[in-house]
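Let me begin by presenting the structure, written as structure tokens, before commenting on it.
The values are calculated or read from the model by the stated rules, or taken from the named source; none is laboratory data. Since this is a predicted model, take the numbers as computed values, not measurements. Every residue, glycine among them, receives a Cβ derived from its backbone with ideal geometry; neighbour counts consider all protein chains shown.
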Amino acid sequence: MRRQNVNLPSALYTAEQTRCLDRTAIDDGVPGFRLMQRAAQSAFSALQARWPQVKKLTLLCGGGNNGGDGLVMAVLAVQQGMAVQVLTLGEDYVAGLQGEALDAWQLLCDEGVQASPWQPEVRFSGELLVDAMLGTGLAGPVRGVFQEAIRRVNRSALPVMAVDIPSGLCADTGAVLGSAVMADLTVSFIGLKRGLLTHQAGDYVGELKFDGLRVAEAVYDQVPVSLFRTGPDDLRERLRPRARDAHKGNHGRVLVVGGDIGMGGAALIASQAAARCGAGLITLATQAEHVTASLMRCPEVMVKPVRSGQDLLPLLDDADVVVVGPGLGQRAWGISSCSRFCIAGCRRYWMRMH
């Protein structure tokens, strides 16, 4: 089961915006390798808090900064007396390293920690796997040894921690790019990637934690935000307590249009959901055969039998919000209802503009 962390920030960023945050922080005076060390320490601390009994780690490290985070984590684990297995992925691994990732490799060598290139027949010696293979820069489907390693990780039945983002998950959309690591814990840094909370991410991220790595607020002021999460404070601001003398006419009118023959359930559920969300007056426009079921299921909803789109026009005039589509179908009844809605919507827009 996925654990929710209520302390996540509300601002969400794309991969490019996160890289911009990273560059801005470095320009602001924080060395890039210092940020990498902070990220590795944060991830390692989260690992110890979640799995305090683990004494042996297997770390899978790619050639970018994500892999550099994993290499520094390996050093921290050895310093804590853990046994580590470091597996590197990528052709000419050391020759391809640069920047902070190369600094991390040098640190690993200076500490005497051994690393081995990935082999298909390799056996994981750790009690826990650390995924530091692919970071936020992945643009296309996962291929080659990375795809092979991801499949092995997912079949291992061992607990998995992902560094920054599960390898193979798109940082911008949350889509799985061919294959992706299914993590039990993901620790993200500096900017929370929107792909960790959207699309398919829920099945791959596991428990999600975030660390801003002590980056100054001034850095965040210089980079635009992609999206904002809706949090409890936002809901409290939008859904303020109602006046004690309020009545249903003060809280909006919702019209739900849908429910062709044999598909009435979707429209009934949608109208009931509108009532539970706090709408004052809800009208369900549906086939006559569903009127009795609606009254029995949710008598507070006003249900109107609609024979054709023509019957919708007076109902549309009174609505503040219209929900069109639940169980509407593609037969003549649904097409007629949808057409009338579009005509009425265009007429309303024209009247507002003129």
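Overview of results
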item: Pairs where the first residue, in region 80-98, is surrounded by fewer than 17 Cβ atoms within 10 Å (Cβ to Cβ) and the second is part of a loop (DSSP other than H, G, I, E, B), C-beta under 7 Å, 6+ apart; result: ALA83/LYS55; GLY96/GLY63; GLY96/GLY90
item: Scope region 138-152; condition under 13 Å from LEU169 (Cβ atoms) and in a helix (DSSP H, G or I); matching residues; result: PHE146, ILE150
item: Enumeration of residues in region 198-224 that are buried (at least 17 other Cβ atoms within 10 Å of the Cβ) and either outside the structural domain of LEU129 (by TED's automatic domain parsing) or farther than 19 Å from VAL142 by Cα (or both); result: GLY206, GLU207, LEU208, LYS209, PHE210, ASP211, GLY212, LEU213, VAL215, VAL219, TYR220, VAL223
item: Entirely in region 209-307, the helices (runs of 4 or more DSSP H) that have 1 or more residues that are of a type in the set (D, E, K, R) and touching a residue at least 12 places away in the same chain (Cβ under 8 Å); result: 232-238, 291-297
item: Test result for SER116, in a strand (DSSP E or B), modelled with pLDDT of 95 or more and assigned by TED's automatic domain parsing to the domain that holds ALA40; result: yes
item: Residues satisfying the stated conditions in region 28-75, i.e. touching a residue at least 60 places away in the same chain (Cβ under 8 Å), crowded, with 20+ Cβ neighbours inside 10 Å and outside any helix (DSSP H, G or I); result: LEU57, THR58, LEU59, LEU60, CYS61, GLY62, GLY64
item: Single unsatisfied condition, ARG155 versus (1) of a type in the set (D, E, K, R); (2) in contact with a Phe, Trp or Tyr (Cβ under 7 Å, 6 or more places away or on another chain); (3) farther than 23 Å from LEU35 by Cα; result: (2)
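Residues are listed down the side, and each one gets a yes or a no for (1) of a type in the set (D, E, K, R); (2) within 25 Å of GLY32 (Cβ to Cβ):
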| residue | (1), (2) |
| --- | --- |
| LEU59 | no, yes |
| GLY63 | no, yes |
| LEU71 | no, yes |
| VAL75 | no, yes |
| GLN85 | no, no |
| THR88 | no, yes |
| TYR93 | no, yes |
| GLN98 | no, yes |
| ARG123 | yes, no |
